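Right, one structure below, let's go through it.
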Amino acid sequence: MKKILQKIDIPLFIMMLLYSILGLVIILSASSVSAVLRYRVPSSYFFIRQLIFIVASFFVGFLIVLRIPTSKYKLFVPILVVGALAALIGLFFYGMISNNALSWYELGFFNLQPAEFTKSVVILYMAVFYQNSVKKKRTLYYNLIPLAVCGVIFILVAMQPDLGGALIIGGIAFLIFMIVPLGKENQVKLFKIFGIGLIILGVALLYSGADILSSRQLQRLQFKNPCSRYTEDTGYQVCNGFIAIHNGGLFGRGLGNSTQKYMYLPEAHTDFVFPILVEELGAVAGIFVLLGYMYILYRILKIGKEAKGNVRNMILCYGTFAFVLLHLLVNLMGVLALIPLTGVPIPFLTYGGSFTINLILMLFVVQRVAVENKQMKLQREMARL
């Protein structure tokens, strides 16, 4: 184990630790009021639970994920795919409704959200599939199989309804597919297939007469000028997020001194934790946090680029990159009223067990790729001697 730890990407690991600690601090501050007034639990309730999720994730990451070679993933990925599909289908029979979505299993001590773990399953599945496909030079249409599987997953998640989660899963699958080395000729064919498919889908939806979106989802499409709709659900939270950011100014009101967390933002420790951070620590701190995210993304890309010739490890890194990036963009753009608000968490800062565990374990998968990159580099150097 000591030899493995010596080969992990230290800068990425430090950022994982720093952002986990930052998330704990902000969650404690943002949730302290609503924990007591809204949920009738101690002020440190969400902080303690998040701490447990983080410690458990790092524990599993060190003792299990770092030890398993990525070449072994092919042994259990099929089971994960079947399990993910079964869990998503099972929600319609045994799921718990929260925030008007049937997205959770209530396990007593923990509410499991299958859609979050499905994002990782998609990355692992596509990495293993395309490693084998590229190696054996499979046909173009064979390479479309993962997109069909991801399409089924997309529909199941969207039906909960969790459109934000579904779009991120679709985005991850599409971005991974675009970087698979299939050749220019095949890429042209694929664009034609996608174009024809979108036209057919559009026409089918247009003439089906079905309601694609619920009335609540249609309301969310009214996302511009949220403060003009302050008394409505479509504007209240986002406008209060704007107020929190404005209150913070350049250097903030001070840690723990947010006013918007006093029930003005009901989801202060989840969807709107970033505005609370800016209100308490200031816009300057917010910018540094965003720069830190960019550095995390850079380290993931760097590790993926160093996985030369290994399609599986490359996809594992680029898929994790897409996962983190899409969560950042969708959360921040929703909070800033640039796109409809979808309830997508922001990495490390948002409270949530399923998302936190999934995020940290995928970053440990990237760390495993970093270990294998250094092992391969050492083997090449030894071969030259």
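The separation of region 12-46 from region 242-256, counted between C-alpha centres, amounts to 18 Å. For MET159, no residue whose modelled amide H falls within less than 5 Å of its own remains once neighbours fewer than 5 places apart on the same chain are excluded. Taking all protein chains together and a 1.4 Å probe, the residues MET362, MET96 rank MET96, MET362 from largest to smallest accessible area. Remark: region 250-303 carries 42 Å² of accessible area per residue (probe radius 1.4 Å; ligands, DNA and RNA excluded).
Residue ranking by accessible heavy-atom surface, 1.4 Å probe, largest first, among HIS246, HIS327 comes out as HIS246, HIS327. Per-residue SASA remark: MET178, around 70 Å² accessible (1.4 Å probe; ligands, DNA and RNA not included).
Dipole of the chain computed with +1 at Lys/Arg Cβ and -1 at Asp/Glu Cβ about the Cα centre; of SER20, ALA285, THR270, farthest Cα towards the positive end is SER20. Taking the chain, the Cys residues with no second Cys beta-carbon under 4.7 angstrom are CYS150, CYS317. Summary of the geometry: region 65-109 and region 296-312, compared by the centres of their Cα atoms, lie 26 Å apart. As a rough guide to protection, the peptides 113-126, 154-167 ranked by mean Cβ packing within 10 Å, highest first, stand as 113-126, 154-167. For the peptides 300-308, 6-14, the ranking by packing is 300-308, 6-14, with the highest mean count of neighbouring Cβ atoms within 10 Å listed first.
Taking a probe of 1.4 Å, how large is the accessible area per residue of region 316-368, in Å²?
21 Å²
Between GLY256, GLY309, GLY353, the Gaussian network model of the chain with springs among Cα atoms under 10 angstrom shows the greatest mean-square fluctuation at GLY309.
Positive contributions from Lys and Arg (+1) and negative ones from Asp and Glu (-1), summed over other residues with Cβ under 11 Å from the Cβ of LEU144, come out at +2.
The share of accessible area on the chain that comes from carbon and sulfur is 69 percent, using a 1.4 angstrom probe.
Before I look further, what does region 116-184 give for accessible area per residue, probe 1.4 Å, in whole square angstrom?
Working: 2880 Å² over 69 residues.
Heavy-atom SASA per residue in region 116-184 reads 42 Å².
Choose one answer from LEU265, LEU144, LEU349: the residue with the largest mean-square fluctuation in a GNM of the chain with alpha-carbon springs under 10 Å. With Cα springs under 10 Å in the chain, the top fluctuation among LEU265, LEU144, LEU349 is at LEU144.
Comparing GLN260, GLN237, GLN375 in a Gaussian network model of the chain (Cα springs below 10 Å), the most mobile by mean-square fluctuation is GLN375. What shape does region 259-385 take by its C-alpha gyration tensor, where a ≥ b ≥ c are the square roots of the eigenvalues and a/c under 1.5 counts as rounded, a/b above b/c as prolate, and the rest as oblate? Cα axes put region 259-385 in the prolate bin.
The values are calculated or read from the model by the stated rules, or taken from the named source; none is laboratory data. Since we're looking at a predicted model, the values are computed, not measured. Positions of Cβ are generated from backbone atoms using ideal geometry, with glycine treated the same way; all protein chains shown enter the neighbour counts. What goes into the accessible areas is simple: the full protein's heavy atoms, side chains included, and nothing from ligands, DNA or RNA. Shrake-Rupley method; radii C 1.70, N 1.55, O 1.52, S 1.80 Å.
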